[in-house]
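To keep things clear, I will list the structure first and then write my remarks on it.
Rule-based calculations on the coordinates, nothing more; no lab input. Just so it is clear, the model here is predicted, and its values are computed rather than measured. Glycine also receives a Cβ, built like all others from the backbone with ideal geometry; neighbour counts cover every protein chain displayed.
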Amino acid sequence: FLETAAYFCMKPKLGEKEVSPHSFFSIWHEFSSDFKDFWKKENKLILQERVKEAEEVCRQKKGKSLYNIRPKHDSGIVSKNCGDT
């Protein structure tokens, strides 16, 4: 534990000889909570951007139809029989 505290440059509080686990982990808890909150917010923003991009791609694809619709021509047996009457 003391090696880890030294690695993060933790210094004991006034009146203490060594860094206590309570002081180290209270700071670590604050850091990890803040990091988790920022992580969630960032992931939410990234997800919103991806949804917007996907919606834009869908709009573009809907604008371009993949097939052509031709007008119906009067031909065939029904149109020939209707014209004879």
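Worth pointing out:
- Extension gain, E30 back to K17 (0.36 nm per residue minus Cα-Cα distance, nm): 2.3 nm
- Here the range 20-68 is assigned +1 on the Cβ of each Lys and Arg and -1 on the Cβ of each Asp and Glu. Its dipole about the Cα centre then comes out at about 480 debye.
- Of the residues P21, A54, F31, the one whose Cα sits farthest toward the positive end of the charge dipole of the range 20-68, with +1 on the Cβ of Lys and Arg and -1 on the Cβ of Asp and Glu, is A54.
- The C-alpha radius of gyration of the range 20-68, expressed as a fraction of 2.2 N^0.38 Å, stands at 2.23.
- Lysine pairs within the range 20-68, Cα separation less than 25 Å, 8 or more sequence positions apart or different chains: 8
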